[in-house]
1. Distances over 18 Å make up what percent of all Cα-Cα pairs in the range 179-240?
2. Give me the percent of Cα-Cα pairs in the range 10-115 that sit more than 25 Å apart, rounded to a whole number.
3. For the range 58-116 and the range 202-266, compute the distance between their C-alpha centroids and round to whole Å.
4. Mind pulling the angle between the C-alpha long axis of helix 69-81 and the longest principal axis of the chain? Nearest 10 degrees, somewhere in 0 to 90.
5. Calculate how many DSSP beta bridges within the range 1-157 are antiparallel, expressed in % of all such bridges and rounded to the nearest 5.
6. Expressed as a rounded percentage, what relative contact order does the chain have, with Cα pairs under 8 Å and six or more residues apart?
7. Computed over the Cα atoms of the range 129-202, what is the ratio Rg over Rh, Rh following Kirkwood?
8. Based on a Kirkwood Rh over C-alpha pairs, give the Stokes-Einstein translational diffusion coefficient of the range 39-100 at 25 °C and viscosity 0.890 mPa s in µm²/s.
C-alpha cells in the first residue's frame, strides 16, 4: 500500500498534536464503519453531503461546484469503504452518474476493497424509472457491480422489463419507494454499509424514517447567494418527528473547507 498524505487535510477536532496532513490510513481509520455484528443485523447508513456557508447544496445546479481536492479524496474513500452507494434519480441525472471506476476513481483506495469486489454497485431510488436505461449507469455497469434500480408499482411494466435486462430491479412501494424496505432489502443482499450521496429529497426521506446513522458534511467556504436548496428538502416531516440530534465525531480542515462527521447518539 502506498502511503499518501491527503494534501492539506488535518484534524482539528478532537485536537491532535502537530499540523501535518493525514496519511491515507489515518484518514480511512477516522471514517471506518462500526462493527455491524452478525450477518442479518441492521445496516449502517452514512450520508455524504456538501453545503456552502449560506446553506446551498449546489452551485450552478451541481454539488461538484462546492468541492475541493480534499473533498474529492474523501468522497472516493467513502465509496471505497461502502458496500453500496445509494442515490436519488434526480441527483443521478444532475451529477451525470456512472458506475464507479476502480481503475481510476478508486485506484488510490483499492486497498480498502481487499476481500471484496473491486467497486461497489450504485442503487438508484427512482419512482417511475425516469432514467436513460441505455446509458452508462444502467447498461454499462460491470457484472460484479450491477446497478440496482429501486422503484415502484407505478413504474411502467415495459420499462421495468427493459431495465431488468442489464440492472437489478427492486419494486418496493406503490407510488413512492418504501425507504425502510429499500434499506432492509439492500442489507439482505449483503450491502450493510450503505453510503447515501443524496439528493436532498432522498436524504429527507431517510431522516424522516429515522434511518440516518451518520452524516458526513463538507462545509465549503463559499457564499453562493439565493436560489439553491438545502441538503434536505421536501415535505414537512410528520408531526412528532424531528429534530434529530447528532453527536460531532470529528472535524477535519483543508484550506477553509471543513469536513464534519456526525453520528447518531449512542
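1. Values: 872 of 1891 pairs.
Counting every Cα pair in the range 179-240, those more than 18 Å apart make up 46 percent.
2. Values: 1745 of 5565 pairs.
Summing the P(r) tail past 25 Å for the range 10-115 gives 31 percent.
3. The distance from the Cα centre of the range 58-116 to that of the range 202-266 comes to 18 Å.
4. Tilt relative to the chain: about 50 degrees.
5. Working: 2 of 9 bridges.
Roughly 20 percent of the beta bridges in the range 1-157 run antiparallel, per DSSP.
6. Details: 509 pairs, mean separation 72.5, N = 266.
27 percent.
7. Details: Rg = 12.3 Å, Rh = 13.1 Å.
In the range 129-202, Rg relative to Rh is 0.94.
8. On the way: Rh = 13.3 Å.
Diffusion coefficient, whole number: 184 µm²/s.
Bear in mind that the values in this text are calculations on the coordinates, not laboratory data. Owing to the predicted nature of the structure, the values given are computational and were not obtained by experimental measurement. Positions of Cβ are backbone-derived with ideal geometry, glycine not excepted, and every protein chain shown enters the neighbour counts.
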